[in-house]
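To keep things clear, I will list the structure first and then write my remarks on it.
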Amino acid sequence: MFRFLHAADIHLDSPLKGLEEYQDAPLEQIRQAARRAFDNLVQLAVDEKVAFVLLAGDLYDGDWKDYNTGIYFIAKMGKLRDAGIPVFMVSGNHDAAAQITRSLKLPENVTLFPHAHVGSHIIDRFGVALYGQSFSARSVTDDLVRNYPQGDPSLFNIGLLHTGLNGRPGHEPYAPCTLDALRSKGYQYWALGHVHQREEVCRDPWVVFPGNIQGRHSRETGPKGCTLVSVEDGRVLSVEPRELDVLRWVVCHVNAAGINSMEQLIELVRENLEGERVRADGRPLAARVVIEGVTTLHGRLYENALQLHEEFRAIAAGLGDVWIEKALFKTQKPQNAAALISGDSPVELLMKSIEAIQFETASLIEIIPEFEKLRCKLPVELLNDGDPFLPREEELSAMREEVQELLMGKIQQRGHHEN
Ligand SMILES: [Mn+2]
């Protein structure tokens, strides 16, 4: 009986893209998160007394800024060497041979599989055969599996590979291959990397993406970590995800249906954030708050979006170690809003006519003659696709709705004041 750890997509020291511009962002925590999660991985390997550790590519995010990234990794590998734990790894698209110009000699307990051909390694003590091939360049479009040898029926065979398989949303289709091709090799476990979302692709044999060990932005949400595998008599006994992340990205969906006041909404957001905090086991949170649902508050939410964002920041500050990355308002107004306006008082008539307004781009430019002058001063690259003065139709209709909501909100408010 033995156990091993399978991790991938560590992306050590990956740069923070644009996060500096965010208010309150815990930059230092985010910058250090991948290293702290990797510390946890090494500690878990020691605590679980695993037979070996597998790293299935993208250990590094790209070329090292300086040697400190490599020196950090070597220090951690030293800790595993002292515990008698070997490490086997392949590189992926981010740390492909051609991408990394700086390098350091690896400690003797670390094996990096070659990129020119498939490498193999036998661990007699556990009856294990390992096969792996690294990426030579960032974009590997060949099917690497084709060259992997057939598994040895007398051993427990493991394949390491960085691949997008037959395509995964949001991931480049590098080293494409099919599940059938993997199965045909007669291995007991395929340790894959590249897809940042954990996925057990197959259980016979086991084909696993462990996901990355630490979320890096608002699209990498929820628990992140590695996979702990137990093997007995040449068969997989158990495959368990183990959380390693030190800061969790979450999207907090708040349903505003049935909410009648701002106070209620703010309270609901507080409850939701508290719930996320509990689910994250006390880890610091980077939360995106999304207010959704059909609500009569729709117009007022738009109108008070900035104020609400400050209220959410205050809730986060009160909870401690919670950062509101963004607040999005995606509510919808009740379908029959116009029909509800039944009377013919001046206010109601005004509301009806606002409902009926059709804004057009041309009219916007006519209203404000300075627009054309401003437009001329913009850099040319802005004037093509992303020309802010010529929004696309879908943006226009969203803008139309927003303007209508703002006007309606204002009028409703006035109406209330006068009553
Ligand atoms: Mn990758």
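Restricting Ser184, Ser139 to those that are hydroxyl-bearing (Ser, Thr, Tyr), within 14 Å of the ligand (Cβ to nearest atom), farther than 21 Å from Pro210 by Cβ and free of Cβ contacts under 8 Å to residues at least 60 places away in the same chain reduces the list to Ser139. Against the numbered list (1) under 28 Å from Arg31 (Cα atoms); (2) within 16 Å of the ligand (Cβ to nearest atom); (3) not basic (Lys, Arg), His115 comes up short only at (1). Being outside any strand (DSSP E or B), more than 22 Å from Lys333 (Cβ to Cβ), in the same structural domain as Gly320 (by TED's automatic domain parsing) and among the charged types (D, E, K, R) is a description that applies to Glu276. Of the helices (runs of 4 or more DSSP H) lying entirely inside the stretch 282-376, those containing at least 2 residues that are at pLDDT below 85 and either surrounded by fewer than 17 Cβ atoms within 10 Å (Cβ to Cβ) or in the same structural domain as Pro223 (by TED's automatic domain parsing) (or both) are 337-340, 346-356, 361-367. Being crowded, with 21+ Cβ neighbours inside 10 Å and either touching a Lys or Arg at 6+ places or on another chain (Cβ under 8 Å) or in contact (Cβ under 8 Å) with a residue 60 or more places away in the chain (or both) is a condition met by no residue of the stretch 257-279. When Ser238, Ser230 are checked against the criterion of being without any contact (Cβ under 8 Å) to a residue 40 or more places away in the chain, polar (S, T, N, Q) and part of a strand (DSSP E or B), a single residue qualifies: Ser238. Of all the listed residues (Val195, Val231), the sole one being crowded, with 20+ Cβ neighbours inside 10 Å, more than 15 Å from the ligand (Cβ to nearest atom) and not assigned by TED's automatic domain parsing to the domain that holds Glu325 is Val231. Of the residues in the stretch 35-57, at least one is assigned to a loop (DSSP other than H, G, I, E, B), closer than 26 Å to Val231 by Cα and under 19 Å from the mean Cα position of the chain (by Cα). The set of residues from the stretch 86-98 being more than 16 Å from the ligand (Cβ to nearest atom) and part of a loop (DSSP other than H, G, I, E, B) comprises just one member, Pro86. For the stretch 63-85, taking the residues that are part of a loop (DSSP other than H, G, I, E, B) and crowded, with 18+ Cβ neighbours inside 10 Å, the one that is modelled with the lowest pLDDT is identified as Trp64. Here Val207 fulfils each of the conditions (1) over 26 Å from Pro15 (Cβ atoms); (2) assigned to a loop (DSSP other than H, G, I, E, B); (3) more than 16 Å from the ligand (Cβ to nearest atom) apart from (2). The residues in the stretch 25-55 that are over 15 Å from Leu247 (Cα atoms) and more than 16 Å from the ligand (Cβ to nearest atom) can be counted, and the count is 12.
Scanning the stretch 210-224 for residues that are more than 16 Å from the ligand (Cβ to nearest atom) and crowded, with 16+ Cβ neighbours inside 10 Å turns up Thr221, Gly222, Pro223. Once the stretch 146-180 is narrowed to residues that are outside any loop (DSSP other than H, G, I, E, B), touching a strand residue (DSSP E or B) at 6+ places or on another chain (Cβ under 9 Å) and within 16 Å of the ligand (Cβ to nearest atom), the residue that is modelled with the lowest pLDDT is Arg168.
The values are calculated or read from the model by the stated rules, or taken from the named source; none is laboratory data. Because the structure is a prediction, the values reported are computed rather than measured. Please note: Cβ atoms are built from the backbone with ideal geometry, for glycine as well, and neighbour counts cover all protein chains shown.
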